[in-house]
1. Which one of these is among the basic types (Lys, Arg), free of Cβ contacts under 8 Å to residues at least 60 places away in the same chain and not assigned by TED's automatic domain parsing to the domain that holds Thr86: Lys25, Lys46?
2. Filter region 88-105 for residues that are aliphatic (A, V, I, L, M) and without any contact (Cβ under 8 Å) to a residue 24 or more places away in the chain; which is farthest from Glu6 (Cα to Cα)?
3. For region 29-46, give me each residue that is of a type in the set (Ser, Thr, Tyr) and modelled with pLDDT of 80 or more.
4. Give just the number: which of (1) within 12 Å of Ser94 (Cβ to Cβ); (2) modelled with pLDDT of 75 or more does Gly66 not satisfy?
5. Tell me yes or no: at least one residue of region 57-64 is under 11 Å from the mean Cα position of the chain (by Cα), outside any helix (DSSP H, G or I) and free of Cβ contacts under 8 Å to residues at least 40 places away in the same chain.
6. Looking only at region 5-41, which residues are surrounded by 10 or more Cβ atoms within 10 Å (Cβ to Cβ), assigned to a loop (DSSP other than H, G, I, E, B) and among the β-branched types (Val, Ile, Thr)?
7. Looking at region 75-105 only, could you name the residues that are assigned to a helix (DSSP H, G or I) and surrounded by 15 or more Cβ atoms within 10 Å (Cβ to Cβ)?
8. For region 55-62, indicate whether the set of residues that are among the aromatic types (Phe, Trp, Tyr), surrounded by 10 or more Cβ atoms within 10 Å (Cβ to Cβ) and touching a Ser or Thr at 6+ places or on another chain (Cβ under 8 Å) is non-empty.
Amino acid sequence: MIFLFECVLVTYYATKLNLADQVIKRKYRVNYLDKDVRFEGSSLSKLLIIGGCGGFVAGALGLGGGSIYNPALLTLGCNPRVASQTGMYLVLFSAWNSTIVNTLYGSIDY
């Protein structure tokens, strides 16, 4: 239960940080393109739902994050390069989390 609470807190903090960055990018027109995905409103809701459900499915079935997140990000209009790098970034956290859990349960044969 603590892990879920931590995930919600990290998601909330990251969302607020991302929204603040987007406001600054739009205001000063630095590294901002009109076709960038805006993480607000319905696209933010879709992204959070896809992330939560995708994370659950990837963890429950042992799928790689790229098979779930890349098509979702491409559907939302992300640049293919950004989508693939984001998928790899998420796989890093998935592998890290699996290593920690297996270490805690003593499942790793060193």
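The values are calculated or read from the model by the stated rules, or taken from the named source; none is laboratory data. Only a predicted model underlies this, so the values are computations on that prediction, with no experimental measurement involved. For neighbour counting, all protein chains shown are included, and Cβ atoms are generated from backbone atoms with ideal geometry for every residue, glycine included.
1. Among Lys25, Lys46, only Lys25 is among the basic types (Lys, Arg), free of Cβ contacts under 8 Å to residues at least 60 places away in the same chain and not assigned by TED's automatic domain parsing to the domain that holds Thr86.
2. Met88
3. Result: Ser42, Ser45.
4. Tallying (1) within 12 Å of Ser94 (Cβ to Cβ); (2) modelled with pLDDT of 75 or more, Gly66 fails exactly one: (2).
5. no
6. Val37 - this is the single residue of region 5-41 that is surrounded by 10 or more Cβ atoms within 10 Å (Cβ to Cβ), assigned to a loop (DSSP other than H, G, I, E, B) and among the β-branched types (Val, Ile, Thr).
7. The answer is Ala83, Ser84, Thr86, Gly87, Leu90, Val91, Ser94.
8. no
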